[in-house]
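For reference, the structure is listed below as C-alpha cells.
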Amino acid sequence: MLVPITWLREYVDIEVPVELLAERLTLAGLEVAHLRYIGLPQATVPGLVMPRSDHLVWERDKLLLGRIVEVKAHPNADRLVMALVEYGGGELEQCVTGAPNLFEYKDQGEISPPLWCALALEGATVWDGHSDKPRRATLKGRELRGIYNKSMVCSEKELGISDEHEGVILMDHDERFVAGMALADVLGDVLLDIEFTPNLARCLSMVGVAREVAAILGTEMRYPAYDFLAEGAPIAEQVAIDIREPALNPRFTLTLLRDTKVRQSPFWLRHRLKLIGQRPRNNIVDVTNYITFELGQPLHAFDYDKLCQRAGGLPTIITRLPQPGEQLETLDGEARALGAETILVADTAGALSLGGVIGGGETEISAETQNVLLESAAWNNISIRKTLREQKVHTEASARFSRGVHPSQAILGCQRGIELMRQLGGGTIASGVLDNYPAPPPAPTVALPIARVRQLLGMEVALADAAAVLRRLEFEVAIEGDVMLATAPDFRLDISADAVVGQADLIEEIARIIGYDQIPDTIMADEMPPQRENTAVLTEERIRDILAAQGLYEVINYRFTSRESEAQLLPAGAPMPAADSYVEIANPAASERNVLRRTLLGNMLENVVNNGRYQASQQLFEIGKVYLGGGALLPQEPQRLGIFLTGARAQPWWQEESPAPPMDFYDLKGVLENVLAALHIEDFRYERGTQPSLHPGRSADLLVAGERIGSFGEIHPQVAARFKLTAAPALYGEFAVAPLMRQQRRLHKVAALPTRPAVLEDIALIVRADMPAGAVEAVIRQAGGRLLKEVTLFDVYMGEPIPPGKKSLAYALTFQDDARTLTDKNAAKIRKKIIGAARHRLNAELRS
Amino acid sequence: MSQSIDALREAALAALGSIHDNDGLSAWRAQYLGRRGAVSGLFGTIGSLPKAERAIFGKRVNALQGELRQAFEGREALIQSQRLARELEEGEIDISLPAQPRRRGGIHPSTRTHREFQQIWAEMGFQVFQSRDVEEDEFNFTLLNLPPHHPARDMQDTFYTTDPRVLLRTHTSPGQIRAMRALGAGGSKPIRVILPGMCYRQEQVTARSEIQFTQVEGLAVGRNIRMSDLKGTIAEFAKRMYSPDARVRYRASYFPFTEPSMEVDVECFLCGGAGCRVCKYTGWLEIAGSGMVHPEVLRNGGYDPSEWSGFAFGMGPERITMLKHGIQDIRYFWGNDLRFLQQF
C-alpha cells in the first residue's frame, strides 16, 4: 500500500525525517519496501544506508504555487493560450501553453474563484513532458509563435507526479494557498510503499499506519471526525436491514444522503486517490474509496432510487446466502454464478452485490443519482476468502475484509463517509444510522505478569514501561500487583482470548515497539539435550565424498516428473508401476512435472543429454529421495544413490595418440566397489541384473548381506536410443542408501603390515568361454587357502591358439605367510593345488 | 731415471687434459694407472736400480701415482658435471603445455552450504533431524497455527496432491512438530535440532524463484528458552558463517508458528554495509526468519506452553550460496549444468 506522508501527517505529527520513519516502521514489522519522492529532496540520515533516488527535486525558488488570474487567446495560434499567473508580490508572469484544460477559461476575464497552478520560472529544471524516456530539461526564454515566453505552467508529468501530460495541474482554491509559495510545500510528498504481513490487517489504511507511527514515535494520534450533520427524516423510516447469516455478516449499517449531486471530486481528493494508485470517478464513489484507504473500512454506495424501484416501495437490505442457481452481474461486467457459500447483499428483488467484495451493476451510482444509500458492514474473513477463491476477483474491499476488519469500524466508516459525501455533493443526511449488530464480540482481556515478559524476552523490562507501550497501542491496561490486565482496542482482531497465546500476542507488541535491538544476546542457559550423531546424514556425506573423489559430480534434480517421462525409461513391454504408486500433484507447475519421481534415472538421463551437448564424457551422481506411493496416506520416501557414467574413460590429451576407449560396465562396477570398500562393506555379491531399464545381459544386481539393494549396468539399448545416447555405453546404477548405512562398518580392524616377503606367481587357465570369471576366481581362492593373499586377473583372451569355445584367464597370484618366509617350493605346492581344483571343478586346463 | 718420471707425468697430464668422455677416462686410467700401466711399469724398474737410489725413486713414483690419481678424479668430476649440465639442458620441457586432465569431481553447491550449516549448528549443539517431503496438510499448516483458510496460507503457494489432505511441504517447519513428537518424550525433554530439506512452492520459475528449494530450520525447546537466546544463537551463527564481526539486525515480522517473530538481516558481506547492488543499497542482507515458538505449536508438539518455551529459525541455503558466489540465477541449482557444477 502506498502511504503519502502528507496524508499520514493528518493523523499524527512526524518530527523525524521520513527516511528514519521508514526504517523505524520496517523494524517494527511494517516493511517499507520503497520510498517514492515527489519534489522533495532525499534526506541523509547518519547510520542509515539507502538507495539513492533519482527523482526531480523541486527548486524552492523556481517552482512555485501560482494563481492563474486570466487566460488570454494567443494572437498567432489557435492551439495556444496565454495564462497570466500571479506568483507573489503582485507580479504577473505570462505563460504560453497548449494545455487543453485551460481553454475553457480563454477570454473569460478574471477567474473566480481563484485557480491555482504549478509555475516553473526561467531556469527551473523539470522533466521533459514530450520525451518518452525520463529526461530533464531546464527552462529557457524563447519565442513561441511570436510571443516571448520564459516560464511554464506544469503538468503532472513535468513535475514527476505521474505520467499525465494531457493538461496542466489545476488546483481548487484552498485557504492556505498564497501565490508564490514553494510548490514543494503544496504538492511535495514522499510515498511510503508498505508491505503488510497478514497479521497487520488493522494497518491497511492511513489511520492504521498512523496508529503504528504514533506508538513507535510515542506521539499522539489525531483521529478524523466521525460526527455528521443529519437533518433529514429518520433513516429507519426509509430502509430496513435483515441479516440472515450473522456469523458471516456480523454487522450491517446504512445511512442515506438525499438530494446530493454527483460530480467530479475536488482536486485534493482526486490527487490523493491518484497518488495511491486509485482512479478518481465521481464524488460519491471517490468517497467510498477514500474512506476505505483512510479508515480501512470499505464502503459501498447504492443508488437509493433504484432500490426503491426494485422494491416497489421502501427497500429492505437482506444479507443472505444464494439460492441454488442464483447469478449476479457485478460492476466489472461479469455475470457470476454464485456458489453456496457466497454471502450476498440483496433486496427483496434479488442479489445486489457480493458482500464485502464487489457491487452489482444495476444499483451503482450514476451521474443522475440523487439519493445515496451508504453501506458499511462487517464480514467474516474466512467467508470472504472462500468467495475470492471461487470468484477469482480481488478488490480493495476484499483485500481488507479477507484479512479481517473489526465490526466496530463499520459505524465509523458509515458516519465519516456520509458526512464527506454531504460536504462534497451537498444534500441532506437522514437522521440516525441504521445499525444491525446482533452480537458484538467481547474485547479480550489478557492477564500478563511482567515476569512472563522478562522470562520470554530475556530482558529486564519495567512494569511501567511495558504498560506504557501497550497503552501507546491503545490497549486499556489495569495493573494488579505485578500483573497487567490488558484489554485490546476495538480495532484489533489479532489478540487471542487464550491465556497463554494472548500473553505471547502482547509480548510481541511490547518487544517490537521497544525494539528487538534492545533485547540482549545471550547464550542458552537451558539444559542441553543429549548429542546424537545422525548416522544417515553422515553416511550420505561420506558417500558423496567418495564419489566426488573419484571424479564424479553431484547433481540435485527436480523431484517432479510425469508418468509418461518415467515410461520412457522402460523398454517396450516392460510393466509400468501401478497408477496409484505415484504421488500425483493436483496443481502441477507443468504437465511434464505432475508426479513425483520413483527413480533418479529420468532426471539423470536428462542431465546427461543436456550436458552432452558440450561434454561427451560425464560422471554424475545424485543422492536424493524417490517417492513410492500406494496404500498409505503418505508415500515412502527412501533415499537413493544414482550413478551415471558415459563417454571416454579419459579426456583427450596431447600426449595420448588415440582417444581413450569409452567407459563400460566395469568402470561403473569399479566406482561402486570403491564405495563399498570405503564403507567397509565386505558382505556383498552380484547377480544377473533384473532392472528392466538396464541391458539384461550387461547389468547386475547388488546384494549386500543378502539383500538386493540396487542394480547397475548399461542402459537398455531401446531406452538409450530414445535419448540418443548411442555413441558410447550409458552406464547407470541406482541403489538404496539405507542398507548401505546399516551394513557399513564404522569401526573396522586394521591388518598389521606383512613382515615376510611375498612370492608372486602367474597362472593362466583355459576354461569354457561362458564360464563366469567370478566362478574361476572363487575356485582359485578356495584352493589357495589363507596363504593366497591376492588374485588379480590381468588378461582375458580368446582366439588362436586357444581352441574355439574356450577362453584363457591369466591371474597374478600373491602368496604370503605372516609367520614365515615362503619358499618357491611352498608356493609351487599351492599353485599345484589350485591347478588341480580348477581342472577338477571347472574342467580347466593350464595354459602352457 | 728422474727424467723418465717427469716425462711420464708430462705425457699423462697432457693426455688427460684432452679427454672429454668416460671411455677416454677409462682408457687413460688403464694406460697410466692400471695394473699394466705406465706407473706400474716404473715400479717394476725399481729392482734394476742401485740400492741407494731405490728408496728415493720409489717415493717419487708413489708421488707420481698419487698426483695422477688426483688429476684423474678431478678430470672425472669435471666431465661428469659437464655431462649433467648438458643432460639438464637437453632435458628441459615446455612447462606451458597443458596438464593431463584429471577428473576432479565435485559436491553440489547446495550440499556444500548445507554442510557448512550443519557443521556450525552441530558445534552449537543442534543435530540434524530429517523429516518428510510429502506432508499432511495438518502438519504443514494446521498444527503450525495455520488453520484452513488462514490468511497466511496465501503467503505460500502450495502444491497439493490429488489427495487434498496431502501436499508437498512448503517449508521445513512441519518437521518441528515431528521432531517435538519424536524427541520430546511427550513434552518432557528439551530439543535442539536443525531440519534441512527440500521444500516446494507453486511459483513461476524465474531467475529469482524456484518451485523447489532447500531450507534449514532450527528448533530449540526447553524450560527456559528466551528470545535473547535466539538473538545470541543467531549472532553466533552469523559470526561463524559470515565473519567474526558480522553485525546482525532484527526486524519484526510475522510467521504464524512463531510469536514474537523476527526477520534476521546480516550486514552485507559484499559491501561491508556501505550499500551495493546486491543488498539493494540498504547495507543489509536478509538471512533468516525466526521467532519464539508459538504456544499453539508447542501444544501441538506435546509441550505445555506455560512451562516450556522455544525458538525456531529458517534459512535458505540457495540464497546464501547465491549471495556468496554472486550467482544471478537460482535455476542454475537444479539445472545441473556441468559448466556450473565444475566451478565449485
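The values are calculated or read from the model by the stated rules, or taken from the named source; none is laboratory data. Source: prediction; values computed, not measured. Here the Cβ is made from the backbone with ideal geometry for all residues, glycine too, and neighbour counts use every protein chain on show.
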inquiry  = Suppose we filter A:I365, A:I384 for residues that are within 14 Å of chain B (Cβ to nearest Cβ) and touching a helix residue (DSSP H, G or I) at 6+ places or on another chain (Cβ under 8 Å); which single one remains?
reply    = A:I384
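I'm trying to understand the selection: among the residues of region A:657-682, which are outside any helix (DSSP H, G or I) and loosely packed, with under 12 Cβ neighbours inside 10 Å? So that I can check it myself, show each step before the final result.
Step one: list which residues in region A:657-682 are outside any helix (DSSP H, G or I), which gives A:657-664, A:679-682.
Across region A:657-682, the qualifying residues are A:E657, A:S658, A:P661.
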query = Residue check, B:G105 against (1) within 7 Å of another protein chain (Cβ to nearest Cβ); (2) under 23 Å from A:F560 (Cβ atoms); (3) under 15 Å from the mean Cα position of the chain (by Cα); (4) not aliphatic (A, V, I, L, M), all met but one. Which one?
reply = (2)
task = Kindly list the number of the only condition in (1) surrounded by 20 or more Cβ atoms within 10 Å (Cβ to Cβ); (2) of a type outside the set (S, T, N, Q); (3) out of contact with any helix residue (DSSP H, G or I) (no Cβ under 6 Å at 6 or more places or on another chain) that fails for A:G350.
result = (1)
query = What about B:A238, is it touching a strand residue (DSSP E or B) at 6+ places or on another chain (Cβ under 7 Å), within 30 Å of A:E527 (Cα to Cα), assigned by TED's automatic domain parsing to the domain that holds B:T113 and at pLDDT below 95?
reply = yes
key: Failed item, numbered, when B:R299 is tested on (1) away from chain A (no Cβ under 12 Å); (2) surrounded by fewer than 24 Cβ atoms within 10 Å (Cβ to Cβ); (3) over 23 Å from the mean Cα position of the chain (by Cα); (4) not in a loop (DSSP other than H, G, I, E, B)   = (1)
task = From A:A124, A:A43, grab the single residue that is touching a residue at least 24 places away in the same chain (Cβ under 8 Å) and surrounded by 21 or more Cβ atoms within 10 Å (Cβ to Cβ).
result = A:A124
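For every residue, the table says whether it meets (1) more than 9 Å from chain A (Cβ to nearest Cβ); (2) not in a helix (DSSP H, G or I).
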| site | (1), (2) |
| --- | --- |
| B:Q100 | no, yes |
| B:T113 | yes, no |
| B:Q119 | yes, no |
| B:G125 | no, yes |
| B:S131 | yes, yes |
| B:E135 | no, yes |
| B:L143 | yes, no |
ask   = Does any residue of region A:563-580 turn out to be at the interface with another protein chain (Cβ under 7 Å from one of its Cβ atoms) and in contact with a Lys or Arg (Cβ under 9 Å, 6 or more places away or on another chain)?
value = no
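For (1) more than 30 Å from A:S112 (Cβ to Cβ); (2) touching a residue at least 40 places away in the same chain (Cβ under 8 Å); (3) surrounded by 21 or more Cβ atoms within 10 Å (Cβ to Cβ), each residue gets a yes or a no:
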{"position": "A:M152", "(1), (2), (3)": "no, yes, yes"}
{"position": "A:G167", "(1), (2), (3)": "no, yes, no"}
{"position": "A:D172", "(1), (2), (3)": "no, yes, no"}
{"position": "A:L183", "(1), (2), (3)": "no, yes, yes"}
{"position": "A:P198", "(1), (2), (3)": "yes, yes, no"}
{"position": "A:G208", "(1), (2), (3)": "yes, yes, yes"}
{"position": "A:Y223", "(1), (2), (3)": "yes, yes, no"}
{"position": "A:D242", "(1), (2), (3)": "yes, yes, no"}
{"position": "A:E245", "(1), (2), (3)": "yes, yes, no"}
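Based on what the data block shows, is A:E541 without any contact (Cβ under 8 Å) to a residue 12 or more places away in the chain and not in a loop (DSSP other than H, G, I, E, B)?
Details: without any contact (Cβ under 8 Å) to a residue 12 or more places away in the chain: yes; not in a loop (DSSP other than H, G, I, E, B): yes.
Judged against the criteria, A:E541 is a match.
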remark   = Checked region A:125-174 for anything closer than 18 Å to A:G39 by Cβ and hydroxyl-bearing (S, T, Y); matches are A:T125, A:T138, A:S151, A:S155, A:S162
So A:R52, is it farther than 29 Å from B:C268 by Cα and either over 50 Å from the mean Cα position of the chain (by Cα) or outside any strand (DSSP E or B) (or both) = no
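Considering only residues that are part of a loop (DSSP other than H, G, I, E, B) and buried (at least 24 other Cβ atoms within 10 Å of the Cβ), which ones fall in region A:353-368?
Step one: list which residues in region A:353-368 are part of a loop (DSSP other than H, G, I, E, B), which gives A:355-357, A:361-368.
A:G355, A:G356, A:V357, A:T363, listed by residue number.
Of all residues in region A:386-407, count the ones that are over 22 Å from the mean Cα position of the chain (by Cα) and hydroxyl-bearing (S, T, Y).
Restricting attention to region A:386-407, the residues satisfying the condition of being over 22 Å from the mean Cα position of the chain (by Cα) are A:387, A:391, A:397, A:405-407.
Adding the requirement that they be hydroxyl-bearing (S, T, Y) leaves A:387.
Qualifying residue count, region A:386-407: 1.
Kindly indicate which of A:V32, A:V45 is within 14 Å of chain B (Cβ to nearest Cβ), touching a Pro at 6+ places or on another chain (Cβ under 6 Å) and among the hydrophobic types (A, V, I, L, M, F, W, C). Show your work before the answer.
Details: A:V32 fails: touching a Pro at 6+ places or on another chain (Cβ under 6 Å).
Result: A:V45 is the single residue among A:V32, A:V45 that is within 14 Å of chain B (Cβ to nearest Cβ), touching a Pro at 6+ places or on another chain (Cβ under 6 Å) and among the hydrophobic types (A, V, I, L, M, F, W, C).
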request  = Sort out which residues of region A:134-181 are assigned to a strand (DSSP E or B), under 19 Å from A:P100 (Cβ atoms) and more than 45 Å from the chain's Cα centre (by Cα), and write them in order of number.
outcome  = A:L144, A:I147, A:N149, A:M152
request  = Determine whether region B:147-165 contains at least one residue that is assigned to a helix (DSSP H, G or I) and modelled with pLDDT of 90 or more.
outcome  = no
key: Extreme residue, farthest from the other protein chains (Cβ to nearest Cβ), among residues of region A:474-494 that are closer than 22 Å to B:P151 by Cβ and either among the acidic types (D, E) or surrounded by 22 or more Cβ atoms within 10 Å (Cβ to Cβ) (or both)   = A:D490
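Give me a count of the residues in region A:97-121 that are surrounded by 14 or more Cβ atoms within 10 Å (Cβ to Cβ) and not in a loop (DSSP other than H, G, I, E, B).
Looking only at region A:97-121, we keep the residues that are surrounded by 14 or more Cβ atoms within 10 Å (Cβ to Cβ), and these are A:97-99, A:102-103, A:105-106, A:111, A:114-121.
Filter once more, so that each one left must be not in a loop (DSSP other than H, G, I, E, B): A:97, A:102-103, A:105-106, A:115-120.
Total satisfying the criteria: 11.
Conditions tested, residue by residue: (1) in contact (Cβ under 8 Å) with a residue 60 or more places away in the chain; (2) more than 14 Å from chain B (Cβ to nearest Cβ).
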{"site": "A:P449", "(1), (2)": "no, no"}
{"site": "A:R452", "(1), (2)": "no, no"}
{"site": "A:V469", "(1), (2)": "yes, no"}
{"site": "A:R472", "(1), (2)": "yes, yes"}
{"site": "A:M524", "(1), (2)": "no, no"}
key: So A:I510, is it more than 7 Å from chain B (Cβ to nearest Cβ), surrounded by fewer than 18 Cβ atoms within 10 Å (Cβ to Cβ) and not in a loop (DSSP other than H, G, I, E, B)   = no
ask   = Looking at (1) modelled with pLDDT of 95 or more; (2) under 35 Å from the mean Cα position of the chain (by Cα); (3) away from chain B (no Cβ under 14 Å); (4) on the phi < 0 side of the Ramachandran plot, which is the one condition that is false for A:A443?
value = (1)
key: Candidate set: region A:55-77, residues that are basic (K, R) and assigned to a strand (DSSP E or B); chosen: the one farthest from A:V168 (Cα to Cα)   = A:K72
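Which of the residues belonging to region A:582-604 are among the hydrophobic types (A, V, I, L, M, F, W, C) and part of a helix (DSSP H, G or I)?
Within region A:582-604, A:L601, A:M604 meet the criteria.
Scanning for something closer than 19 Å to A:A616 by Cβ and either touching a residue at least 24 places away in the same chain (Cβ under 8 Å) or hydroxyl-bearing (S, T, Y) (or both), does region A:670-691 turn up at least one residue?
Checking region A:670-691: at least one residue is closer than 19 Å to A:A616 by Cβ and either touching a residue at least 24 places away in the same chain (Cβ under 8 Å) or hydroxyl-bearing (S, T, Y) (or both).
I'd like the full set of residues that are β-branched (V, I, T) and more than 7 Å from chain B (Cβ to nearest Cβ), limited to region A:531-562. Lay out the reasoning, then the answer.
Of all residues in region A:531-562, those β-branched (V, I, T) come to A:535, A:537, A:539, A:543, A:546, A:555-556, A:561.
A:T535, A:T539, A:I543, A:I546, A:T561, listed by residue number.
Any chance region A:377-387 includes a residue that's hydroxyl-bearing (S, T, Y) and more than 12 Å from A:S398 (Cβ to Cβ)? Please lay out each step first, then the result.
As a first pass, look at region A:377-387 and keep what is hydroxyl-bearing (S, T, Y): A:383, A:387.
Retained after the next criterion (residues that are more than 12 Å from A:S398 (Cβ to Cβ)): none.
The answer is no, given that none of the residues of region A:377-387 is hydroxyl-bearing (S, T, Y) and more than 12 Å from A:S398 (Cβ to Cβ).
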